[in-house]
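Remarks on the structure that follows.
Please treat every number below as a calculation from the coordinates, not as lab data. As the structure is a computational prediction, the values presented were derived from the model and not from experiment. Backbone-built Cβ (ideal geometry, glycine too); neighbour counts: all protein chains shown.
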Amino acid sequence: MIRVTLAAASMLAATSALSAGDSLIVKIGYLGRVERMETISLLEQPTSDNGVAGAQLAIEDNNTTGKFLNQSFSLEAARLKGSDDPVAAAIQLADRGVSLILLDLPADMLLKIADVGRARGLLLFNVGAADDQLRQEDCRPDVIHVAPSRSMLADGLAQYLVWKRWRRWLLVVGSHDPDKLYADALRRAAGRFGAKIVQERVFQDTGGARRTDSGLVQTQSQIPPFTQSAPDYEVLIAADESQVFASYLPYRTHDPRPVAGSAGLVPTSWHASLDQWGAIQLQDRFRRLFSRRMTALDMQAWTAIRMIGEAAARVNSADSKNVFDYMKGPDFAVAAFKGRKLTVRDWDLQLRQPILLTDGRVIVSVSPQEGFLHQFSELDTLGIDRPETKCRLK
Amino acid sequence: MVGPASAFTAYVSNEKDNTLSVIDTSEWQVVKTIKVGQRPRGIAYTKDQKFVLVAVGDDDTIQMIDTRTNIDIARRAQVGDVQVGVEPEGMGISPDGKILVNTSETTNMAHFVDTATRKVVASVLVDARPRFATFKEDGSELWVSSEVGGTVSIIDPAKRKVKQKIAFKIAGMRPEPIQPVGINITRDGKTGFVALGPSNHVAVVDGMTHQVTKYLLVGQRVWHMAFTPDEKYLLTTNGVSNDVSIIDVPALKVINTIQVGQQPWGITMSDR
C-alpha cells in the first residue's frame with residue numbers, strides 16, 4: 001500500500017506532485033443478488049445489470065479523474081444467484097485484496113458480511129437495503145449507508161403531502177414484512193409532520209400467478225370495493241414493497257383520490273426523468289453506455305463509487321482505510337446532481353440526500369420541502385436525526 | 001435612479017426560450033429578441049466585436065450571430081478536441097492567450113490547456129462542481145468557482161496551486177443555497193464579484209485580501225455577469241426570476257432590473 005502523508009495546507013494535486021509511473025489502484029467490489037423480482041408494471045422490471053451498471057459508470061468517471069491524479073479504479077462485481085453464499089463471496093473478495101465493497105443485499109446478509117468482514121478490514125457501502133434497523137440498533141462503524149432508509153423516503157413523501165395540505169391519509173398495507181416496515185415509516189412520518197391516518201386496511205397477498213391473460217378485467221372490479229367506505233381522506237398511501245397491489249390502485253379507487261407511496265407519487269433517491277442540476281449529463285452518459293434508463297439502485301451504486309473516488313482524490317491515497325475514514329470525517333462531501341453537497345451523518349453513517357418524488361414520468365417535487373426547518377441541515381429533517389438515534393457506533 | 005451610460009450592447013442567452021435578449025445600456029431596455037437554436041447558454045463576443053458566439057447545447061453547435069444584423073450567419077465546425085475531466089464547462093483564457101483553463105464539474109478540477117499544443121499541462125483539484133474560471137487581467141491569479149463546494153479557489157497560475165479559498169456567509173441564510181458560479185474581476189484586479197446562485201446574492205470580494213466586503217441582493221438564481229466596458233455597471237443574469245439586475249459598481253448598489261426571456265443564463269457585453 002502506498003501511503004501518502006497528508007499536508008495540512010490543502011488537497012492539491014498538480015500532476016507534478018506524483019512520481020511518474022506509480023499509479024495507485026483502488027479496487028472496489030460489488031455484491032448483489034440476481035433475483036427476478038416480479039413487478040406489477042412491465043416498465044419497472046429491473047434488468048440483470050441493475051446496480052452494477054451504475055457502479056461501472058462511476059468507475060469510468062473515477063478513472064477519467066484518476067488519469068490526472070495517477071489513480072485508477074477497478075470493479076469486481078459478483079452477481080449472486082439463489083444458492084450462492086454472499087458471505088463466502090465477500091471473503092473471496094477480501095482474499096483478493098478488495099476491502100471496499102458495495103452491497104446490494106438484504107439486511108441480514110449485510111450484517112453477516114459486516115461481522116466476518118471486521119477481522120478482514122472490510123469497509124462496506126450499503127447501496128440497496130432501506131431498513132431503518134441497519135441505521136439504528138444494527139449500525140456498524142464499517143458500514144456507510146448510501147441507499148436512503150425507509151424513514152427518509154417516508155419523510156420525503158410526507159413533507160410534500162403536508163405542504164400540499166393533503167393531510168388525511170388512507171393507509172393500505174401489504175401482508176408481507178417489508179410492506180409492514182414501510183407502513184411503520186409512513187406512520188412515523190405522519191406523526192412527525194402532521195398528517196392524519198384516518199384508517200388502515202390490509203391488502204392480503206393470497207398468492208397465485210402474478211401475470212395472467214385478461215387479469216385486467218378482474219382488478220378493475222376488485223379494487224373499487226376494496227377501497228370503498230373509507231372515512232373522508234385525501235390521499236391513499238400504499239405500503240406495498242412486495243409488488244402485490246399498489247400499482248393497481250391509481251384510477252381504480254372507489255373515490256377519486258391520488259395514490260402515493262409504492263405507486264402513484266413515489267419517493268426515491270433517483271429517477272431517470274431527473275434533468276435538473278446537470279443530471280441530464282449523467283443520464284445521457286448512462287444511456288449511451290447501457291442503452292437503458294438509470295434506476296435508483298444504479299444511482300446509489302454510482303454515488304458510493306464516486307464517494308470513494310472523491311475521497312481518494314482528496315487524501316491522494318489508494319489506502320482503503322484512509323479513504324473510508326476521510327468519508328466519515330467532517331471535510332468529506334460529494335456532488336451527486338441534486339443541487340447541493342451530500343455528506344455522511346456522523347451518528348449513523350447515513351448519506352444525507354434530497355428525496356425525489358416522481359409519478360414515474362417526471363419529478364413532481366424534491367424534499368426536504370420549504371418550511372421544514374432544522375438547526376443544522378434541512379436534509380436532517382429526513383430520516384432519523386441525531387437526538388433520536390439508537391445507533392452506538394463501535 | 002439610473003444614471004445614463006454610454007450605449008453598450010449586452011446579449012443575454014435565455015436557456016429555456018431559445019432566444020437572446022439584446023439590451024441597450026443607455027436605455028436599460030431590451031431592444032431586440034433573437035431566436036437561436038436549442039438551449040442557448042455560453043455566450044461571448046469575438047474580440048473584433050463582429051460576432052457573438054453562442055453555444056446552443058441541445059443542437060451540439062456554436063452559433064455565430066452577426067452583431068450588425070443580429071442574424072445567425074454560420075455554425076462552426078469542430079477542429080479538434082482535448083481530453084479533460086468529466087463534464088467540462090467553465091472556460092477561462094489567460095490574458096496572454098497561451099493557457100486556456102477548463103473546469104470539469106464531476107472531476108472537480110481546473111485543467112490548464114496549452115493553446116498552442118492543445119495539451120493539458122496541469123490539473124488542479126478544487127472543491128466540488130467547479131463551474132467557472134477567470135484570470136485577473138494582469139495574469140497574476142486564476143479564480144475558480146465551486147458551485148456545490150460553496151467556495152472560490154484562488155490559484156497561482158505559475159505554480160498551478162491553490163493558494164487560498166474564499167468561503168461565503170450570508171446573514172440569516174443556510175449555507176446550502178450559497179453556490180458560486182460566475183466571477184467577474186475589475187481590470188485593475190482590485191474588486192471581484194461572485195454570483196452565488198440560488199442564494200440570490202452577488203458577493204463583492206477585495207481583490208487583494210480576498211475578503212468578502214459586501215453581499216448584494218439581486219434576482220433569483222444568479223449565475224453569470226458582465227461589466228459595461230467602463231466598469232460602471234455590472235449586469236447579472238437571474239435564471240429563476242427571468243431578469244437581469246444592474247449593479248452600480250462604484251456605489252455597490254443594485255439599481256434596476258430588466259425583464260428578459262425565460263431562464264437567462266449567460267451574458268456578454270460589447271466593448272464599445
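The range A:58-100 and the range A:39-54 have Cα centres lying 21 Å from one another. Magnitude of the charge dipole for the range B:87-166, about its Cα centre and with charges confined to Cβ atoms of Lys, Arg (+1) and Asp, Glu (-1), is about 260 debye. Annotation: the protein assembly as shown has a Kirkwood hydrodynamic radius of 26.8 angstrom, from the mean reciprocal C-alpha pair distance. Against the compact-protein benchmark of 2.2 N^0.38 Å, the Cα-based radius of gyration of the range B:165-219 scales to 1.06.
Within the range A:123-194, the trypsin sites (Lys or Arg not before Pro) that combine a DSSP coil assignment with at most 11 other C-beta atoms in a 10 angstrom radius are A:ARG165. Note on chain B: Cα Rg divided by 2.2 N^0.38 Å, N the number of residues, gives 0.94. Residue order for A:MET152, A:MET294, B:MET208, B:MET64, fewest other beta carbons within 10 angstrom first, comes to B:MET208, B:MET64, A:MET294, A:MET152. Projecting the Cα atoms of A:ALA312, A:ALA301, A:PHE203 onto the dipole axis of the range A:203-339, where Lys and Arg carry +1 and Asp and Glu carry -1 at the beta carbon, places A:ALA312 farthest toward the positive end. With the charge dipole of the range B:109-223 set up from +1 on Lys and Arg Cβ and -1 on Asp and Glu Cβ about the Cα centre, the Cα lying farthest toward the positive end among the listed residues B:SER123, B:PRO177, B:THR191 is that of B:SER123.
For the pair B:SER6 and A:LEU289, label points projected 7 Å from Cα toward Cβ lie 5.2 nm apart.
Here B:MET173, A:MET299 are placed in order of increasing Cβ neighbour count within 10 Å, fewest first, which gives B:MET173, A:MET299.
For chain A, build the convex hull from the C-alpha positions and give me its volume per residue in Å³.
Numbers: hull volume 57.0 nm³, N = 394.
It comes to 145 Å³ per residue, whole-number rounded.
Distance between the C-alpha centres of the range A:216-241 and the range A:255-288: 24 Å, rounded to the whole angstrom.
Answer rounded, prolate or oblate for the range B:87-166, using the Cα gyration tensor with square roots of eigenvalues a ≥ b ≥ c: rounded when a/c is under 1.5, else prolate when a/b is larger than b/c, else oblate.
Values: a/c = 1.83, a/b = 1.29, b/c = 1.42.
Oblate.
Using 19 Å as the cut-off for backbone N distance, which residues of the range B:127-158 belong to the label zone defined by a point 7 Å from the Cα of B:LEU252 along Cα→Cβ? Once the point is set 7 Å along Cα→Cβ of B:LEU252, B:152 turn out to lie under 19 Å by backbone N, inside the range B:127-158. If both residues of a DSSP beta bridge must be in chain A, then about 20% of such bridges are antiparallel.
When the Kirkwood hydrodynamic radius is evaluated over all pairs of different C-alpha atoms of the range B:150-267, what value in angstrom, to one decimal, is obtained?
14.3
Where both bridge residues fall in the range B:87-166, DSSP classifies roughly 100% of the beta bridges as antiparallel.
Between the listed residues A:GLY191, A:PRO330, A:LEU105, the Cα displaced farthest toward the positive end of the dipole of chain A, a dipole computed from Cβ unit charges relative to the Cα centre, is found at A:PRO330. Modelled label positions at A:THR206 and B:ASP114, each set 7 Å beyond Cα in the direction of Cβ, lie 7.7 nm from each other.
Of B:ARG129, A:ARG292, how do they rank once you tally other Cβ atoms within 10 Å and put the fewest first?
In increasing order of surrounding Cβ atoms, one gets A:ARG292, B:ARG129.
If you put +1 on each Lys and Arg Cβ and -1 on each Asp and Glu Cβ, how big is the dipole of chain B around its Cα centre, in Debye rounded to 20? If you can, show how the numbers build up before the last one.
Details: 30 positive and 30 negative charges, 74 e Å.
Using only the charged Cβ atoms, the result is roughly 360 debye.
For B:ASP17, the residues whose modelled amide H falls within less than 5 Å of its own, excluding neighbours fewer than 5 places apart on the same chain, are B:GLN262. Using a simple spin-label model with pseudo-atoms 7 Å out from Cα toward Cβ, A:VAL198 and B:ARG174 lie 3.2 nm apart.
Rounded to the nearest 500, what is the 222 nm mean residue ellipticity of the protein assembly as shown from helices alone, with -39500 (n - 2.57) per DSSP H run of 4+ residues and division by all residues? Walk me through the intermediate numbers first.
Working: 9 runs with 122 residues, N = 666.
Counting only the DSSP helices, I get -6000 deg cm²/dmol.
DSSP loop GluC sites (Glu not before Pro) in the range A:185-275 with at most 14 other Cβ atoms within 10 Å of their Cβ, which ones? Intermediate results must be reported in sequence, preceding the final value.
Working: sites: A:GLU200, A:GLU234, A:GLU241; in loops: A:GLU234, A:GLU241.
When the GluC sites (Glu not before Pro) of the range A:185-275 are filtered for loop state and at most 14 Cβ neighbours within 10 Å, nothing remains.
In terms of overall dimensions, the C-alpha atoms belonging to the range B:34-173 reach 44, 44, 29 Å along their principal axes, ordered largest to smallest.
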